[in-house]
1. Quick one: if the Förster radius is 30 Å, what FRET efficiency do I173 and A250 give, using the C-beta to C-beta distance and rounding to 0.05?
2. Using the per-residue mean of other Cβ atoms lying within 10 Å as a proxy for protection, in what order, highest first, do the peptides 232-240, 211-219 fall?
3. Got a sec? What order do R82, R135 fall in by accessible area at 1.4 Å, biggest, i.e. largest, first?
4. Not counting ligands, DNA or RNA, and with a 1.4 Å probe, what is Y176's accessible surface area in Å² rounded to the nearest 10?
5. Taking a probe of 1.4 angstrom, what is the accessible area of V89 in Å², to the nearest 10?
6. Which three numbers, in whole Å and largest first, are the semi-axes of the equivalent ellipsoid of region 130-251 derived from its Cα gyration tensor as √(5λ)?
7. At a 1.4 Å probe, what is the % contribution of carbon and sulfur to the accessible area of region 71-124?
8. Mind checking the full-extension length gain between T116 and T145? Use 0.36 nm per residue of separation minus the Cα-Cα distance, one decimal, nm.
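The values are calculated or read from the model by the stated rules, or taken from the named source; none is laboratory data. A quick note: this is a predicted structure, and the numbers were derived from the prediction, not measured. Cβ sites come from the backbone with ideal geometry, for glycine too, and all protein chains shown count toward neighbours. Please note that ligands, DNA and RNA were not included when accessible areas were found on the heavy atoms of the full protein model with its side chains. Shrake-Rupley method; radii C 1.70, N 1.55, O 1.52, S 1.80 Å.
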Amino acid sequence: MVQPGALRTMSWGWGLEARKRTHATLLCGAERGLATQSTDESSSRGFADLCDGGLPDNDVCNVLEASPIDTAVLAEAWTRGRWLLGLLVLQSTSSFVLDNYQQLLKDHIVVTLFLTMLVGAGGNAGNQSSIKVIRGLATGSLQPTVAVIRKTLWQQAQIGLILGGALSVGGFIRVYLTNGNVANAAAISTSLFLIVMTSVVAGTALPFALAKGGVDPANAGTSIQVIMDVLGVAITCATCHFVLDQLVHAL
């Protein structure tokens, strides 16, 4: 037979154990909540770091700070359509460059084979720099002042020099392994270096120029790709003409 005192002791013990379990459950829940919050914050910081480092995806970077905005379909189509039409006309000017270098393209088919690689590298490099500046302007970490523009251009020019040098080495190896001609590889890799350098500087300057002109800097993301398509074709044709038609013959 259990004594009344023992029952009270056992009841108190069971109550203490229940309170301990409840307290532990609450602590675990709080810890899970804090862990979830920490994970979300880390994820946001991770995306922000990618955008600041030049994540080549405007959609991802824009969504990070986007707010729901009700926009009329026709109004948005008109705004975007005007810009796209202008880019379409601009991009079509590359046909004049190609027409002017028809003989080069006939004599050196390697230029045609690697032209898309070259202009694509220029668009990608320029877009990275452009997104970095666009995000800086949007968050306020960059201001379109002369001092900030000069400092940013100088930093990106150094980055462009490093990227251009590294990619040109890779481009030389790629062309030589498939074509087997040193002159062709040198012409393509030199073009690649100049295109990447130009695109990085242009991609940095364009958002600042748009902001100064009262135009949304976000348009620089698509614009720099079209601009570098045209400039890439011009740089490639001019460089390959110099290296393959003039320098090689002079040597």
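1. Values: r = 26 Å, r/R0 = 0.85.
The computed FRET efficiency comes out at 0.70.
2. On the way: 232-240: 23.1, 211-219: 14.8.
So the peptides 232-240, 211-219, ranked by packing, come out 232-240, 211-219.
3. From most exposed to least exposed: R82, R135.
4. We get 100 Å² for Y176.
5. Approximately 90 Å² for this residue.
6. After scaling each eigenvalue by five and taking roots: 34, 14, 12 Å.
7. 68 percent
8. Separation in residues times 0.36 nm, less the Cα-Cα distance, equals 6.9 nm.
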